[in-house]
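Student: Sharing a structure here in structure tokens format.
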Amino acid sequence: RGFWRTSAVSTTWLLRRWLRQACELGFWMWFFLRLSRDIPWKPFPEFARIWYQDRRATCSAAPVRPGSPLKPFEHMVPPMWLLSLLFIYAPANAALKLYSPVVTICHNMQIFENLFAVSVLAAGLGLVKHLFGRFGDIASIVAFVTLTALGLWWQPEILHEGFRPGHRFVQGTTAHMLPGALLCALVPSKFSASRNVAGMLVAMSLFVAWLSLPPTDLMSGIQPVAVADMKFSASKAATFLVSNCLHAVGVALLLNGMQKTTAAAPSWWVLLASRLSLGINLSNIFAIHYMRGRLLLMPIEFHHVHVMGYTLGAWLMALIVSTAVYCAVMPYALLGDAFLKALT
């Protein structure tokens, strides 16, 4: 009975977490596939053709590639946008070889798919600790090592020079973010430090990760290679290890400190930021595109004033739009959430 109860609670939690994100993601998917067709884009931004013609057409009705085991049943294969909205495009495509793009090209859906996978696996680590009782700590460490090793095997570009076709950038992939998230969950709650120390660790991790980013022009000139031809990179391994450890410990110390010092409910701005963070990160790319491809009369020329004004304007527009979208879709998400919660 306990096993089935745990399975039901875990499944319901997974569905509730997906539902709260899928409502906003579904709106922006609808905007990308339908509403953006009616926007008279200016001719000069290159992204207007790439995003709102080529990528939109592929996302909406990409043909199943030859050699896929489901090619004879192409009419029954879920489209790319649906697999993306379910957060299963990358694993489903890798297993069934459905479409040519390795990752989804439905606007910026891939990063949210990666983040959802990281959150589910990190929660799974807690589930493992719960199921194994007094051996939970050992079991969670074994799960951490196993998942990290599988991620590094799945994404060899993290520790090696070179990349496979479609895997040029790996900084935002599930395999790249997973070790830090799992390590953060393993830090004991009794460990704490001041917010300044924890914030400094997080800032240092971001700085180390930024130093490891290769120049875009350098990456564009490198050709893909086979996995067998990749060479282990000590600098990549060191950067990956240091960045993930600093980030995990810093975030864990921040969370532990908040749990010990916050007896009442969080501040209003913390609640507001947590509610709008998904929508802002979703809508800012569309706000940037709309400003560049519709509102502005000419292409942007680099100037510090232009950059600051353009950035602030884009984020302000994203804040306003995401607030409106959140208010419009969240009642439906809450209804579904209440229904799923009642099942357990």
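Student: With a/c under 1.5 counting as rounded, go ahead and sort the range 1-70 into rounded, prolate or oblate using the C-alpha gyration tensor (a ≥ b ≥ c being the square roots of the eigenvalues; past the cut-off, prolate if a/b is larger than b/c, else oblate).
Tutor: Oblate is the answer for the range 1-70, as a/c is 1.5 or above yet b/c matches or exceeds a/b.
Student: Could you please report the charge total around Thr11, scoring K, R as +1 and D, E as -1 over all other residues with beta-carbon less than 15 angstrom from its beta-carbon?
Tutor: Here the charged neighbours net out to +3.
Student: Quick check: pseudo-label points 7 Å beyond the Cα along Cα→Cβ at Val187 and Phe47, how many nm apart are they?
Tutor: 3.3
Student: Could you work out which residue, out of Leu241, Leu182, Leu295, moves most in a Gaussian network model of the chain, that is, has the largest mean-square fluctuation with Cα springs under 10 Å?
Tutor: In this elastic network of the chain, the residue with the biggest mean-square fluctuation among Leu241, Leu182, Leu295 is Leu295.
Student: For Lys71, Lys42, give the ranking by accessible area with the largest first, probe 1.4 Å.
Tutor: Lys71, Lys42
Student: Here's something else I'd like to know. For the chain, what mean projected area does the convex hull of the alpha carbons give, in nm²?
Tutor: With the hull built on Cα positions only, its mean projection is 21.6 nm².
Student: So what is the calculated 222 nm ellipticity per residue for the chain, using -39500 (n - 2.57) for each DSSP H run with n of 4 or more, over all residues, to the nearest 500 deg cm²/dmol?
Tutor: Theoretical 222 nm ellipticity from helices: -22000 deg cm²/dmol.
Student: Of Glu74, Glu46, Glu113, Glu161, which has the most accessible area and how do the rest follow, probe 1.4 Å?
Tutor: If we order Glu74, Glu46, Glu113, Glu161 from most to least accessible, we get Glu46, Glu161, Glu74, Glu113.
Student: Before anything else, pin down the relative contact order of the chain: Cα pairs under 8 Å, at least 6 apart, normalised by residue count, whole percent.
Tutor: With pairs under 8 Å counted, the relative contact order is 22 percent.
Student: Moving on to the next point. In the full protein assembly as shown, how much of Val227 is accessible to a 1.4 Å probe, in Å² to the nearest 10?
Tutor: Its heavy atoms expose roughly 80 Å² to the probe.
Student: Can you compute the FRET efficiency between Leu131 and Ala338 using 1/(1 + (r/R0)^6), with r the Cβ-Cβ distance and R0 = 30 Å? Round to the nearest 0.05.
Tutor: Efficiency at R0 = 30 Å is approximately 0.65.
Student: For Leu246, what accessible surface area do you get with a 1.4 Å probe? Give it in Å², rounded to 10.
Tutor: 40
Student: Please report the net charge: other residues with Cβ closer than 12 Å to the Cβ of Leu85, K and R +1, D and E -1.
Tutor: Cβ neighbours under 12 Å give a net charge of -2.
Student: Average projected area of the Cα convex hull of the range 68-124, in nm²?
Tutor: Directional mean of the projected Cα hull area for the range 68-124 stands at 4.1 nm².
Student: Quick check: pseudo-label points 7 Å beyond the Cα along Cα→Cβ at Met258 and Ala328, how many nm apart are they?
Tutor: Each label point is offset 7 Å from its Cα along the Cβ direction, giving 2.9 nm.
Student: Which value results when the Cα radius of gyration for the range 4-131 is divided by 2.2 N^0.38 Å?
Tutor: Against the compact-globule rule of thumb, the ratio is 1.24.
Student: Going by amide H atoms built from the backbone, whose H comes under 5 Å of the H on His160, apart from near neighbours?
Tutor: Under 5 Å from the amide H of His160 lie the amide H atoms of Ser233, each far enough along the sequence or on another chain.
Student: Probe 1.4 Å, all protein chains in place: accessible area of Asp54 in Å², nearest 10?
Tutor: About 70 Å², rounded to the nearest 10.
Student: Place a +1 charge on the Cβ of each Lys and Arg in the range 46-120 and a -1 charge on the Cβ of each Asp and Glu, then give the dipole magnitude about the Cα centre in debye, rounded to the nearest 20.
Tutor: Value, rounded to 20: 140 debye.
Student: For Leu96 and Asp38, calculate 0.36 nm times their separation in residues minus their Cα-Cα distance, and state this gained length in nm to one decimal.
Tutor: Full extension from Leu96 to Asp38 adds 17.5 nm.
Student: Any idea what the dipole of the chain comes to, in debye rounded to 20, about its Cα centre with Lys/Arg Cβ at +1 and Asp/Glu Cβ at -1?
Tutor: 740
Student: Which of the cysteines in the chain are isolated, no other cysteine C-beta under 4.7 Å?
Tutor: Cys23, Cys184, Cys245, Cys327
Student: What is the ratio of the Cα radius of gyration of the range 140-214 to 2.2 N^0.38 Å, with N the residue count, to two decimals?
Tutor: Normalised Cα radius of gyration, the range 140-214: 1.29.
Student: Counting only protein chains, not ligands or nucleic acids, how are Cys59, Cys184 ordered by accessible area (probe 1.4 Å), most first?
Tutor: Cys184, Cys59
Student: Something else about it: Roughly how many nanometres apart are two label points built 7 Å out from the Cα toward the Cβ at Ala149 and Glu161?
Tutor: Label at Ala149, label at Glu161, 2.7 nm between them.
Student: What does the charge count near Asp137 come to, summing +1 for each Lys or Arg and -1 for each Asp or Glu among other residues with Cβ under 15 Å from its Cβ?
Tutor: +3
Student: Once Lys and Arg get +1 and Asp and Glu get -1 on their Cβ, which of Thr104, Leu70, Ile88 lies farthest toward the positive end of the dipole of the range 36-113?
Tutor: With unit charges placed on the Cβ atoms, the residue in question is Leu70.
Student: Something else now. Output the DSSP H helices from the chain with an along-axis C-alpha extent of no less than 15 Å and a mean Kyte-Doolittle hydropathy no less than 0.0.
Tutor: Membrane-span-like by this criterion, though nothing is claimed about a membrane: 2-33, 109-131, 136-154, 174-186, 195-211, 234-261, 268-290, 304-343.
The values are calculated or read from the model by the stated rules, or taken from the named source; none is laboratory data. Computed from a prediction, not measured in an experiment: that's the story for all the values here. Positions of Cβ are generated from backbone atoms using ideal geometry, with glycine treated the same way; all protein chains shown enter the neighbour counts. The accessibility values were calculated without ligands, DNA or RNA, using every heavy atom of the protein model including side chains. Shrake-Rupley method; radii C 1.70, N 1.55, O 1.52, S 1.80 Å.
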